[in-house]
Amino acid sequence: MLAMLIGLPFTWIVAAFSNVNSPDWPSGFFLRRQSLSSIRSTASLKSCTLVLTPMSPLTTDDIRKVAALARLKVSDDEIGRLKQQLGEILQYVHRLDNVDTSGVEPMAHAVEVTNVFRADEPRESLPREQALANAPQTDGRYFLVPPILNDQ
Amino acid sequence: MSLTTLTTGELLDRLDREEATSTEVVTAYLDRIAATDEQVGAFLHVDREAALQQATEIDRRRAAGENVGSLAGLPVAVKDNLCATGTPTTCGSRMLEGFAPPYDAHVIARLTQADAVLIGRTNLDEFAMGSSCENSAFQSTRNPWDLSRTPGGSSGGSAAAVAAQMAPLAIGSDTGGSIRQPAAFCGVVGLKPTYGRVSRYGLVAFASSLDQIGPFASDVSGAALLLEAIAGHDARDSTCIDRRVPAYSQTVDQPLDGLRVGIVKEHFAEGLDPQVEQAVREAVDVYRSLGAEVKDVALPHSQHSVAVYYIVAPSEASSNLARYDGVHYGHRAESFDDLADMYSVSRGEAFGDEVKRRIMLGT
């Protein structure tokens, strides 16, 4: 879904982020929000080179595509609900289009931080037995998964 | 007077003066849980025997004159999204039902070093996504002050446990208000530390650039003591800040002279409940009376914070929750077509609505 927002300038996202004090979402939020302006992406989700222009709401195909990308099996009922709920959230997020961040310094952290490195040396890792202990299926040595390629 | 009505400081005094043993303190809280939690629903998992065993060991060491940690013998409840070796860690999700981590989170190790007694695991909105404790796959937690109301969330189990005197101290995590909001709803002290103050190693990740672990307590001194125990550098979390940890518990009673408190005028906007505003204004008066300088400040962009959160948090959640693939741990569906379908069906079956919504939004 948020791939649709990639066309937005990054600087204002960071500028607004520096003031984040947001609540975790109220659970009833999705049903209370009314449509603001109707906006969506013109490009396909696959390309990830998206530009925002005002258009019609999310389609069932959009939801199916994102669910497939997220590896989530969703029922037809869920698709209907998600279409409405996610559409409303995206419209709400689009209010950020109106923020003027020209001349605002990007900021990502309240404390000055630098990248952290460590020596690339072998270290002790989790014993195999413990690593496998929570797996749904193993042969005692490896994680087992269903066939990746179907027999042709 | 029952031990469970005492503050952390009062409990420590009694333990230090040998007027109470850890076994007595822990028993009192376990009994309180047994009598109260059926109504409140704060705990997902309590191991009475393991808690009493820890308490007995600390009593033995104290009696033998050995050095004991800063939280020696005190019960601490822990939100069920922190890994502890061999202890169920469900994150309130069917996805992790039956999962028992093979290692300790940094905060769990620090609590153990401080000789705290880990009394139980508290309920949360699934994967810490929510603000009411109604999005747990297992149970809803109720507000101990009024069982018809929510304790808030996502750390609602920890907040309710402290409010109902089922634990003097509790650990929560806060991504977008998940400690602060339930603390307010339950009338207890809760703090989201500055990002990087506490190591996130072993905290089940939701939105890594926002997640932070913090304390709950019935008073400020207790929260200061707990934060002091869990804060500090840990190389296993590369975002953890390497700075000295002040002795919060030693300075907490000092006057607030020289401290400036900013009151964000945008937070007193339309939609604010008059009773809430009054309570906040009264708290501001308390800060002022303790010597703090109170100043009005403007954060004109704060109106956009929720919209920004909707971008940052779901994007990171989508990435973080991609690890639940039904292969290494967590739920695997019984019936599916092939590998890709196994991923989709397993995730579709085991994630709740709110988690699915956020993964979709961030994908």
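The values are calculated or read from the model by the stated rules, or taken from the named source; none is laboratory data. Bear in mind the structure is a predicted one, so any value in this text is a computation, not a measurement. Note that we place each Cβ from the backbone using ideal geometry, even for glycine, and neighbour counts take in every protein chain shown.
Confirm whether B:Ser249 is surrounded by fewer than 24 Cβ atoms within 10 Å (Cβ to Cβ), among the hydroxyl-bearing types (Ser, Thr, Tyr) and touching a Gly at 6+ places or on another chain (Cβ under 7 Å).
No, not satisfied.
If I go through the range B:145-197 residue by residue, how many of them are at positive phi and either aliphatic (A, V, I, L, M) or away from chain A (no Cβ under 11 Å) (or both)?
2
For the range B:69-95, give me the residue count where each residue is crowded, with 17+ Cβ neighbours inside 10 Å and in a loop (DSSP other than H, G, I, E, B).
15
Looking at the structure I just gave you, is A:Leu90 within 7 Å of chain B (Cβ to nearest Cβ) and either of a type in the set (S, T, N, Q) or surrounded by 15 or more Cβ atoms within 10 Å (Cβ to Cβ) (or both)?
No, not satisfied.
Sort out which residues of the range B:42-52 are surrounded by 21 or more Cβ atoms within 10 Å (Cβ to Cβ) and either in contact with a Ser or Thr (Cβ under 8 Å, 6 or more places away or on another chain) or farther than 15 Å from B:Val76 by Cβ (or both), and write them in order of number.
Of everything in the range B:42-52, those that are surrounded by 21 or more Cβ atoms within 10 Å (Cβ to Cβ) and either in contact with a Ser or Thr (Cβ under 8 Å, 6 or more places away or on another chain) or farther than 15 Å from B:Val76 by Cβ (or both) turn out to be B:Ala42, B:Phe43, B:Leu44.
Looking at the range B:329-359, which of its residues are polar (S, T, N, Q) and either within 7 Å of chain A (Cβ to nearest Cβ) or closer than 20 Å to A:Ile79 by Cβ (or both)?
Those that are polar (S, T, N, Q) and either within 7 Å of chain A (Cβ to nearest Cβ) or closer than 20 Å to A:Ile79 by Cβ (or both): B:Ser344, B:Ser346.
Checking A:Val113 against (1) touching a strand residue (DSSP E or B) at 6+ places or on another chain (Cβ under 6 Å); (2) at pLDDT below 85, which single condition isn't satisfied?
Unmet condition: (1).
Condition first: surrounded by 10 or more Cβ atoms within 10 Å (Cβ to Cβ), over 29 Å from the mean Cα position of the chain (by Cα) and assigned to a loop (DSSP other than H, G, I, E, B). Now tell me which residues in the range A:97-136 satisfy that.
If the condition is that a residue be surrounded by 10 or more Cβ atoms within 10 Å (Cβ to Cβ), over 29 Å from the mean Cα position of the chain (by Cα) and assigned to a loop (DSSP other than H, G, I, E, B), then A:Leu126, A:Pro127, A:Ala133 are the ones that fit.
Is it the case, given these coordinates, that B:Ala160 is touching a residue at least 12 places away in the same chain (Cβ under 8 Å), in the same structural domain as B:Gly73 (by TED's automatic domain parsing) and part of a loop (DSSP other than H, G, I, E, B)?
no
If you take the residues of the range B:267-309 that are among the aromatic types (Phe, Trp, Tyr) and within 14 Å of another protein chain (Cβ to nearest Cβ), which of them is surrounded by the most Cβ atoms within 10 Å (Cβ to Cβ)? Let's see the steps before the verdict.
To start, the set of residues in the range B:267-309 that are among the aromatic types (Phe, Trp, Tyr) comprises B:268, B:287, B:309.
Filter once more, so that each one left must be within 14 Å of another protein chain (Cβ to nearest Cβ): B:268, B:309.
Values: B:Phe268: 13, B:Tyr309: 24.
The selected residue is B:Tyr309.
Give the residue that is nearest to B:Ala207 (Cα to Cα), with candidates limited to residues of the range B:96-155 that are assigned to a loop (DSSP other than H, G, I, E, B) and charged (D, E, K, R).
My answer is B:Asp125.
From B:Gly326, B:Gly362, which residue is over 17 Å from A:Asn134 (Cβ atoms), touching a Pro at 6+ places or on another chain (Cβ under 9 Å) and at the interface with chain A (Cβ under 7 Å from one of its Cβ atoms)?
Matching residue, one of B:Gly326, B:Gly362: B:Gly362.
Identify, please: which residue in the range A:52-96 is in a loop (DSSP other than H, G, I, E, B) and of a type in the set (Val, Ile, Thr) and is, among those, nearest to B:Leu339 (Cα to Cα)? Step through it out loud before you land on a result.
Quick first cut of the range A:52-96, residues in a loop (DSSP other than H, G, I, E, B) only: A:55-59, A:70-75.
The next check asks that each one be of a type in the set (Val, Ile, Thr); those that pass are A:59, A:74.
Numbers: A:Thr59: 27, A:Val74: 17 Å.
Among them, the one singled out is A:Val74.
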